[in-house]
Amino acid sequence: QVQLVESGGGLVQPGGSLRLSCVASRIIFSIYTMGWYRQAPGKQRELVARITSEGNTNYADSVKGRFTISRDNAKNTVLLQMNSLKLEDTAVYYCNAWKITGEYWGQGTQVTVSS
(Lines give C-alpha, C1' and ligand atoms only; values in the text may rest on other atoms or scores of the structure.)
Protein backbone atom coordinates (compact mmCIF):
# COMPACT_ATOMS: atom_id res chain seq x y z
CA GLN A 1 0.00 0.00 0.00
CA VAL A 2 1.34 3.40 -1.01
CA GLN A 3 2.13 5.73 1.87
CA LEU A 4 2.92 9.42 1.92
CA VAL A 5 3.96 10.59 5.37
CA GLU A 6 4.27 14.29 6.07
CA SER A 7 6.17 15.87 8.92
CA GLY A 8 7.53 19.24 9.97
CA GLY A 9 4.36 21.17 10.69
CA GLY A 10 3.85 23.18 13.83
CA LEU A 11 3.28 26.59 15.35
CA VAL A 12 5.40 29.50 14.16
CA GLN A 13 5.28 33.26 14.48
CA PRO A 14 4.71 35.51 11.48
CA GLY A 15 7.94 35.93 9.58
CA GLY A 16 9.24 32.58 10.73
CA SER A 17 10.18 29.47 8.78
CA LEU A 18 9.23 25.82 8.65
CA ARG A 19 10.34 22.95 6.51
CA LEU A 20 7.85 20.26 5.59
CA SER A 21 8.95 16.81 4.56
CA CYS A 22 7.05 14.04 2.80
CA VAL A 23 8.44 10.54 2.53
CA ALA A 24 6.87 8.17 0.05
CA SER A 25 6.91 4.41 0.12
CA ARG A 26 5.80 1.67 -2.23
CA ILE A 27 5.80 3.86 -5.33
CA ILE A 28 8.36 4.51 -8.03
CA PHE A 29 8.91 7.95 -6.60
CA SER A 30 11.05 9.33 -9.39
CA ILE A 31 8.31 9.15 -12.03
CA TYR A 32 5.70 11.04 -10.03
CA THR A 33 4.97 14.74 -9.99
CA MET A 34 5.08 15.64 -6.32
CA GLY A 35 3.07 18.46 -4.87
CA TRP A 36 2.11 20.26 -1.72
CA TYR A 37 -1.45 21.40 -1.25
CA ARG A 38 -3.11 23.15 1.66
CA GLN A 39 -6.55 23.55 3.06
CA ALA A 40 -7.53 26.27 5.48
CA PRO A 41 -10.72 26.05 7.55
CA GLY A 42 -13.77 26.77 5.42
CA LYS A 43 -11.75 26.90 2.21
CA GLN A 44 -11.07 24.55 -0.66
CA ARG A 45 -7.83 22.65 -0.95
CA GLU A 46 -5.40 24.57 -3.11
CA LEU A 47 -2.10 23.88 -4.81
CA VAL A 48 0.90 25.41 -3.06
CA ALA A 49 3.78 24.05 -5.13
CA ARG A 50 4.69 21.07 -7.26
CA ILE A 51 7.75 19.59 -8.86
CA THR A 52 7.76 17.29 -11.85
CA SER A 53 9.85 14.20 -12.34
CA GLU A 54 12.19 16.37 -14.44
CA GLY A 55 12.53 18.89 -11.63
CA ASN A 56 10.36 21.63 -13.09
CA THR A 57 8.53 23.61 -10.45
CA ASN A 58 5.54 25.86 -10.18
CA TYR A 59 4.08 27.78 -7.28
CA ALA A 60 0.90 29.47 -6.23
CA ASP A 61 1.22 33.23 -6.64
CA SER A 62 0.66 33.68 -2.92
CA VAL A 63 3.84 31.79 -2.02
CA LYS A 64 6.21 32.73 -4.83
CA GLY A 65 9.50 34.00 -3.49
CA ARG A 66 8.79 32.62 -0.01
CA PHE A 67 8.40 28.86 -0.48
CA THR A 68 10.72 26.42 -2.22
CA ILE A 69 9.88 22.87 -3.22
CA SER A 70 12.58 20.29 -3.81
CA ARG A 71 12.89 16.54 -4.14
CA ASP A 72 15.43 13.87 -3.37
CA ASN A 73 14.66 10.82 -5.48
CA ALA A 74 17.27 8.73 -3.69
CA LYS A 75 15.37 9.25 -0.42
CA ASN A 76 11.83 9.24 -1.87
CA THR A 77 11.38 12.63 -0.26
CA VAL A 78 9.86 15.94 -1.24
CA LEU A 79 10.50 19.04 0.84
CA LEU A 80 8.76 22.37 1.18
CA GLN A 81 10.86 25.13 2.66
CA MET A 82 8.56 27.90 3.88
CA ASN A 83 10.03 31.26 4.77
CA SER A 84 8.50 34.59 5.73
CA LEU A 85 5.36 32.84 6.88
CA LYS A 86 2.17 34.85 7.11
CA LEU A 87 -1.00 34.41 9.11
CA GLU A 88 -2.80 33.38 5.93
CA ASP A 89 -0.44 30.43 5.46
CA THR A 90 -2.20 28.69 8.33
CA ALA A 91 -3.66 25.44 6.99
CA VAL A 92 -3.31 21.70 6.86
CA TYR A 93 -0.64 20.89 4.30
CA TYR A 94 -0.96 17.74 2.23
CA CYS A 95 1.59 15.89 0.17
CA ASN A 96 0.46 14.60 -3.24
CA ALA A 97 1.98 12.16 -5.68
CA TRP A 98 0.53 12.37 -9.18
CA LYS A 99 0.88 10.65 -12.49
CA ILE A 100 -1.61 10.32 -15.29
CA THR A 101 -2.88 6.95 -14.09
CA GLY A 102 -3.63 8.07 -10.57
CA GLU A 103 -2.60 9.98 -7.48
CA TYR A 104 -2.00 9.53 -3.79
CA TRP A 105 -2.41 11.79 -0.78
CA GLY A 106 -0.83 12.00 2.62
CA GLN A 107 -2.74 12.54 5.83
CA GLY A 108 -1.65 16.14 6.21
CA THR A 109 0.34 18.18 8.69
CA GLN A 110 -0.92 21.28 10.47
CA VAL A 111 0.88 24.57 10.01
CA THR A 112 -0.25 27.39 12.27
CA VAL A 113 1.14 30.90 11.93
CA SER A 114 0.24 32.99 14.94
CA SER A 115 1.70 35.65 17.16
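Among the protein heavy atoms, those of Ser115 account for about 120 Å² of accessible surface (1.4 Å probe, every chain in place). Listed values for the stretch 75-81 are Karplus-derived 3J(HN,Hα) couplings in whole Hz (6.51 cos²θ - 1.76 cosθ + 1.60, θ = phi - 60°), namely 10, 6, 10, 10, 10, 10, 8, and x replaces Gly and Pro. Whole-Hz Karplus values for the stretch 68-74 come out as 9, 9, 8, 9, 10, 5, 5 Hz, taken residue by residue from phi with 6.51 cos²θ - 1.76 cosθ + 1.60 and θ = phi - 60°; glycine and proline positions read x. Surface analysis of the chain yields an accessible area of 55 Å² per residue, using protein heavy atoms and a 1.4 Å probe. What the phi angles of the stretch 41-49 give under the Karplus curve with 6.51, -1.76 and 1.60, with θ = phi - 60°, is a coupling list of x, x, 10, 7, 5, 9, 6, 9, 6 Hz, glycine and proline written as x.
Inter-label distance, Gln39 to Gln107: 1.5 nm, where each label sits 7 Å from its Cα along the C-beta direction. Just checking the listed ones, Asn56, Asn96, Asn83: in the Gaussian network model of the chain with Cα springs under 10 Å, the one fluctuating most is Asn56.
Each of Trp98, Trp36, Trp105 has its accessible area taken with a 1.4 Å probe; listed largest first, they run Trp98, Trp105, Trp36. Within the full protein context, the accessible area of Glu88 is estimated at about 120 Å² for a probe radius of 1.4 Å. The distance between label points at Asn83 and Ser62 comes to 2.1 nm (points 7 Å beyond Cα on the Cα→Cβ vector).
The alpha carbons of the chain give a radius of gyration and a Dmax of 13.3, 43 Å, in that order.
Which net charge results for the neighbourhood of Ala40, defined as the other residues with beta-carbon distances under 13 angstrom from its beta-carbon, given Lys and Arg at +1 and Asp and Glu at -1? Charge balance near Ala40 sits at +1. Distances between placed amide hydrogens fall under 5 Å for Lys86 paired with Gly15, all partners being 5 or more residues away or on another chain. With a 1.4 Å probe and all protein chains kept in place, how much accessible area does Lys75 have, in Å² rounded to the nearest 10? My reading of the accessible area for Lys75 is about 140 Å².
The values are calculated or read from the model by the stated rules, or taken from the named source; none is laboratory data. For clarity, every value in this text was computed on a predicted model and none was experimentally measured. As a convention, Cβ positions derive from the backbone with ideal geometry for all residues, glycine included, and neighbour counts pool all protein chains shown. Surface areas here come from the heavy atoms of the whole protein model, side chains and all, with no ligands, DNA or RNA. Shrake-Rupley method; radii C 1.70, N 1.55, O 1.52, S 1.80 Å.
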